[in-house]
Every structure is written in C-alpha cells, then in structure tokens.
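Participant: Have a look at this one before I ask anything.
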C-alpha cells in the first residue's frame, strides 16, 4: 500500500469580541489546500487584559464535538505587547485512532516557543525555529538525548565534588544537534507575501511520515496553530 502524501493547511485567525464581558475569542480555521475545505477549528478565549489559559479543537463539520483540549500554563505578564512570544507549557488531551485518551505535554527549553519538546507514543519530538517566522518539527535521536543526559549528570557530580552541589548547574544543550537527520516531519511558517496580503496567518505542512496518523496530525497542527495564535494575539 503506498504511503499517503503530505498535506498542507492554510490557517486563518479571526476574532470575536464580547464587549459586555470584555472577552476576546480567537478562532483559527485550518483549510486543506488540496480540497479547499476547512478541516479543523481551534478556539481560545481570554479576557481583554488577561492571558490565554485553554484552547479547544473541533472538526469544522462537527463544531460541537471536542477532539482536543489544551491547557496553557500561566505566566506573569510584564509587557503585553511582547509576552506573547514567551514559550508556554501546553498539555494536549485527545483520543487516538483506537479511542485511547492521550495526554501530551509540550515544554519549551527556554523563554521562547522554540526549541519546544514533547513525547508521543514513546518517541521524543522537537520544534525548532527555522526561516522567517518558520518552525520545523523533528524527531529526537534517542542516542544523542542519552548522551546529553549523561553529560548533565557528570556536570552535577563534578559540581557536588567541588562543593557547588547546592546550586543548580545549567547545562547548555544545542537542540539542533539532538534531532535525527532528515527532513522535518512538519513545518509551519507565515509566508511574507500572504501576511502582507492578509490571505492567511499560518501555513502548516504535514509530512508523509506522520500524515497516516490523524491523531499526530491534529497534535502537530494544533501545536503550531496555538503557538502562532498566542504569539500574534497573546500573551
């Protein structure tokens, strides 16, 4: 059986404002470029002076049925204009093709959205920053991850021997060195010309390696859409 080809989604964010309760709801619709039809809808609301804390994803054809919920960790807002670019821990809950409920938590390495990591079906994955406002999703090489863990442990042992064990030793890791060689499993970017013409806010390309796992497609797509939404409309 031939492997299904890659899929591309064009995602557009629109805003609904409740002026009485001062709540803004942001709705991101993902349209399949091959069929031209909307497939998924991501929704997230926040007070006008508040932050995002939760998002939901539905099928465009069944808006009353939740297929994924996401809890977004809180942050202390210091600059409302810039704090949307601060990476947040996100926990996604959804069902796989067998009906099993899964919980996947994404964690940024630092203060920005990338590098951002999560584990899915026993494997580790990493979002990396790429070209102009672009992001790529890669699988992490377990051997390289183990090497970095051993290095971090060795640093802590040396620190303890020196009497520095009381303070946390920070080990700098180059996330790009941890990924498996090859093309990205997914890519998201905002084409400059599309942005300037207000055609769409994000384009997400899902690679053929994961396109056969619809739960993974939803996870990757929802992660990319939510990171873009909070970056543009956040915090």
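Participant: Enter the Cα centre distance for the pair the stretch 183-224 and the stretch 80-96, rounded to the nearest angstrom.
Facilitator: About 16 Å separates the Cα centre of the stretch 183-224 from the one of the stretch 80-96.
Participant: I need 233, 144, 181 ordered by Cβ neighbour count within 10 Å, fewest first.
Facilitator: Ranking 233, 144, 181 by Cβ neighbours within 10 Å, fewest first, gives 181, 144, 233.
Participant: Compute the angle between helix 214-233 and the longest alpha-carbon principal axis of the chain, please, reported from 0 to 90 degrees and rounded to the nearest 10.
Facilitator: Computed tilt is about 90 degrees.
Participant: Based only on other Cβ atoms within 10 Å, what is the fewest-to-most ordering of 78, 7?
Facilitator: Taking fewest neighbouring Cβ atoms as first place, the list is 78, 7.
Participant: Would you calculate the separation in nanometres between label points at residue 121 and residue 33, each defined as 7 Å from the Cα along the Cα-to-beta-carbon direction?
Facilitator: 2.5
Participant: Considering the values [x] 17.6; [y] 21.1; [z] 19.1, which represents Kirkwood radius over Cα pairs in Å as calculated for the structure under consideration?
Facilitator: Entry [z].
Participant: Using only Cα atoms, tell me the angle between helix 142-161 and the longest principal axis of the chain; keep it within 0 to 90° and round to the nearest 10.
Facilitator: That helix lies at roughly 50 degrees to the long axis.
Participant: Give me the number: length gained by fully extending residue 102 to residue 209, i.e. 0.36 nm times residue separation minus the C-alpha to C-alpha distance, one decimal in nm.
Facilitator: Stretched fully, the residue 102-residue 209 segment lengthens by 36.5 nm.
Participant: Further question on the same structure: Per-residue ellipticity at 222 nm for the chain, helices alone: DSSP H runs ≥ 4 residues times -39500 (n - 2.57), over residue total, nearest 500 deg cm²/dmol?
Facilitator: -6500 deg cm²/dmol
Participant: So how do 23, 72, 13, 206 line up by other beta-carbon neighbours within 10 Å, fewest first?
Facilitator: Ordered by Cβ neighbours within 10 Å, fewest first: 23, 13, 72, 206.
Participant: Using Cα pairs closer than 8 Å and at least 6 residues apart in sequence, work out the relative contact order for the chain, in percent.
Facilitator: 21
Values quoted throughout were computed directly from the atomic coordinates according to the rules given, and no laboratory measurement underlies them. Please read all numbers here as calculations on a predicted model, not as lab measurements. Heads up, the Cβs are rebuilt from the backbone with ideal geometry, glycines too, and the neighbour counts pull from every protein chain shown.
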